[in-house]
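Here's the structure, in structure tokens; my notes come after.
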Amino acid sequence: MRLSLPLMYGLLTLAFASAPKTTLAGSLFLDETQQLRIDWGGDAYYSFVGFNGSLLNPQEGQNVIDAAAEGGVYGYLLENFLFPHMLNLELSVNPLPVVGVYLKSEQPSFYDRGKIVTNLNIIESVTSGFPEPGAVSLFLGNNVFLVNFDSGETEGIGFGGLLLSYGNYHIVSNELVRENWLETEAKLKGISLSETQKLAFSFRVGARFHSHHDIRNTVYISMARSHLDRQYWGWSPFKNSEAEFRTDFSQSGLQPTRVLILAGKKLPSPEGEYVFSLAVGVEGIFADGYSGNLAKRKLETGWTFLLRPNIAF
């Protein structure tokens, strides 16, 4: 059925949205040595379930760095980049982008009512920015824990390695295109952890290959940063903020095919139990990324205003 995939993603979105807050993100260890783990999480734009396995023997323990030497986490990951000791298999969906695809395809009159002015559709602004409805991914690399050696508390974790992703649908201007794509990337990311604060940032470089003859293969670079402090209610641009930049180029000729720029702010509730966020930005989709009938009939080239509301528990 033509709608089977969007409906499946939509049902998963509703399941995450209606679940108790304790199930929106979590982990389950599958063995006593904590070498095998299932993780899950979800929000309006990215929901996932993943299986993590360690390639180390239990007696080898975990890789640990003194939290006071946090600046060395990337040096460690780069030094050990070619010697992976963990793998992660993940299934992910992008819920609101799938909703945008469904509304444009099956509820076109409702979708068109989202147009505020010429070239600005609020539904498109809220649901755009993702080139696929979901993916299956395999990560092979390393992780390192930042531990306060005085208290014994884990204060952060870093990841580095290679990620291979596959999907069988592509999204162009909120329209679903059936095709097989494969993406490979090298990535480094870090997350600081505490009960009230979280800082996450990542650096990625990769390439994407498409089976559809009207979609060009690309290379890309991406940088992102997100900070959350449930006890901070000020307007500092560095606290309770998020930012993302990604640019794609065609593999033949290195012509720009896509640019995404986002910046946002997070507002905790008075008790810090919930955190509301709003990010705004732009996405540029350029004709050099497509050809043939796809460029003529499906692609709305140019810039799209992005509006991303979200909530964290």
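Springs between alpha-carbon atoms under 10 Å, Gaussian network over the chain: tell me which of G292, G42, G134 tops the mean-square fluctuations.
Its mean-square fluctuation being the largest, the pick is G292.
Given that compact globular proteins tend to follow 2.2 N^0.38 Å, what is the ratio of the alpha-carbon Rg of the chain to that value?
1.04
What FRET efficiency comes out for the pair T196/D31, r = Cβ-Cβ distance, R0 = 45 Å, nearest 0.05?
0.90
If the chain between L87 and D112 were fully stretched, how many nm would it gain, using 0.36 nm times the residue separation less the Cα-Cα distance?
4.6 nm
Could you rank the peptides 259-267, 114-122 by their average count of other C-beta atoms within 10 Å per residue, with the highest value first?
Ranking, from highest mean packing down: 259-267, 114-122.
Excluding S236 itself, calculate the net charge of residues whose Cβ lies under 14 Å from the Cβ of S236, where each Lys or Arg counts +1 and each Asp or Glu counts -1.
Taking every Cβ under 14 Å from that of S236, the sum is +2.
How do S54, S269 line up, fewest other C-beta atoms within 10 Å first?
S269, S54
Would you kindly state how much longer the chain becomes between I311 and I122 on full extension, computed as 0.36 nm times their sequence separation minus their alpha carbon distance, in nm to one decimal?
Length difference between fully extended and current span is 66.2 nm.
Calculate how steeply helix 95-106 sits against the longest principal axis of the alpha-carbon atoms of the chain, using the helix alpha-carbon long axis, and give the answer as 0 to 90 degrees to the nearest 10.
The angle comes out near 10 degrees.
Reachable aspartates and glutamates from K104, Cα under 13 Å, same-chain residues fewer than 8 places away excluded?
Excluding near neighbours in sequence, the set is D112, E124, E175.
On a 0 to 90° scale, report how tilted helix 4-18 is relative to the longest principal axis of the chain, with both axes built from alpha carbons and the result rounded to the nearest 10.
That works out to roughly 50 degrees.
State, to one decimal in nm, how far the label point of I261 lies from the label point of S211, with both points 7 Å from Cα in the Cβ direction.
Those two pseudo-labels are separated by 3.7 nm.
Values in this text are rule-based calculations from the coordinates and carry no lab data. Just so it is clear, the model here is predicted, and its values are computed rather than measured. Every residue, glycine as well, gets a Cβ built from its backbone with ideal geometry; the counts of neighbours run over all protein chains shown.
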